[in-house]
Every structure is written in structure tokens, then in C-alpha cells.
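Read-outs throughout are calculated quantities, based only on the coordinates presented, and are distinct from any laboratory measurement. Predicted model, so just to flag it, every value in this text is computed and none were measured. Here the Cβ positions follow ideal geometry from the backbone for every residue, glycine too, while neighbour counts run over all protein chains shown.
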Amino acid sequence: MDEHMKELIAIGASAAVNCHPCIEHHLAQRRRLGLDEEEIRAATEVGMAVGRGAAAKTRAKVDNLLAAASVKTESGGGCGCGA
């Protein structure tokens, strides 16, 4: 994989995890590598889509855990740790 592609992946990953210092760092490399704005925007969009997907899965997991915890609490159950 060439440096050009690695930097585009880094830009997308930075967008996925909302890391502003990383985005700033990797965007600063664009002139040196000759990345054009269209490539950067595409990498950013892919990263943001991944981030949205991960956030949706996390939200669903928390909702499911909260629902399960309500059922266990209402039925007198617990987590099993003895606390």
C-alpha cells in the first residue's frame, strides 16, 4: 500500500472516531502527497459512515442492556456477582 492510500485511510479513520487533532495532522499531509479535495472528502465520508454505523450498534446494545437490566431488576435478579 502506498503512502497516498495510507493517508486517505488515516483521514477516514480519524473521521470515524471524531479525532480532530488526527484530522488536522493528516490533512496537513495532503499537499506533500498531492491528495485532492475530492479524495479527502470521499475518505471522510466513508469514515463518518463507519462511525455512524458503530454508534447505531452501540446505541442498540445499550438499549438492549437497559431493557434486560429492567427485567432482571423487576424480577429480583441480579448480575450474579453477589453485590
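Being surrounded by 11 or more Cβ atoms within 10 Å (Cβ to Cβ) and either more than 10 Å from residue 8 (Cβ to Cβ) or acidic (Asp, Glu) (or both) is the filter here; which residues of the range 19-28 pass it? Across the range 19-28, the qualifying residues are 19, 22, 23, 25, 27. When the range 35-71 is examined, which residues are found to be closer than 16 Å to residue 14 by Cα and polar (S, T, N, Q)? The answer is 44, and nothing else. Of the residues 34, 47, the single one that is touching a residue at least 12 places away in the same chain (Cβ under 8 Å), exposed (fewer than 11 other Cβ atoms within 10 Å of the Cβ) and closer than 27 Å to residue 6 by Cα is 34.
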